[in-house]
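Worksheet: the structure to be examined is printed underneath.
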Amino acid sequence: MKKLLMAVFVLLFLTACQSKTEPSYRLLDNHQYIQVEDNRFEFEDQWMVTSDIDGGYQITYSVSDVVVEVKDTVVTVVGDTCTFTRQPSGLFQTDCDDTNKTALIKYLDSVTLVEGETIQTSLFGNGIIGYIAALIILLALIIFTGFIGFNPAALDAYFEFKAMFKLRYKDRPEYADWYKKQQMLMYRAFFVITIILFVLVLIFMFNR
């Protein structure tokens, strides 16, 4: 029983300490192109690919023939009929008319690589079913440990029940009073710990 309780507590602790890493991505038309390789980003069936050029890198896209070149902090967007350049100061130089400039300027977002973050998840990944399952398990443990820990007759019955599954016992083993008290104290400690865990899971669930 002690091994089972410890396994449950370890499982709950490890689950509570889980983390997940969000993927890195680039933006285009407010869509997140997720990084699937070092130089490839995908959104549904669309993609963008980065490649090295002299002094920097460039980005090509599956949705158009536009090419974005990044050299140091200078960004040049090359379209079919015109180009425009964003200087480090934020100023633009362009030979595009307003319509073409508007069509090309959206590609600037893809220059920024948004790094994925490691996020600590709450118990059971924020799933309400996981919380309910944890609460049911903990409630069962609270009832069991409380019943055994505060009821000597129940402890004797539990010892007798365990002895039924141990073939090496020819007769029901007799336990010393000091051992019974020690076991009751252990179950009372587990009872208190499980109540604390139950309350913590409730807090996590209502704050999810």
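The values are calculated or read from the model by the stated rules, or taken from the named source; none is laboratory data. Note that the structure is predicted; figures quoted are calculated from it, not measured. Note that each Cβ is placed from the backbone with ideal geometry, even for glycine, and that neighbours are counted across all protein chains shown. Please note that ligands, DNA and RNA were not included when accessible areas were found on the heavy atoms of the full protein model with its side chains. Shrake-Rupley method; radii C 1.70, N 1.55, O 1.52, S 1.80 Å.
Some values worked out for this structure:
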item	result
Looking only at the stretch 85-115, and only at residues there that are among the β-branched types (Val, Ile, Thr) and under 37 Å from the mean Cα position of the chain (by Cα), the one that is least open to solvent (accessible area, probe 1.4 Å)	Val111
Some residue of the stretch 43-52 being open to solvent by less than 50 Å² (accessible area, probe 1.4 Å) and under 26 Å from the mean Cα position of the chain (by Cα)	yes
Selection status of Ser62, out of contact with any Leu (no Cβ under 7 Å at 6 or more places or on another chain), of a type outside the set (D, E, K, R), open to solvent by 70 Å² or more (accessible area, probe 1.4 Å) and farther than 30 Å from Ile193 by Cβ	no
Pro23, sole failed condition from (1) farther than 30 Å from Leu200 by Cα; (2) assigned to a loop (DSSP other than H, G, I, E, B)	(1)
Where Val77 falls short, out of the listed (1) surrounded by fewer than 17 Cβ atoms within 10 Å (Cβ to Cβ); (2) over 26 Å from the mean Cα position of the chain (by Cα); (3) assigned to a strand (DSSP E or B)	(1)
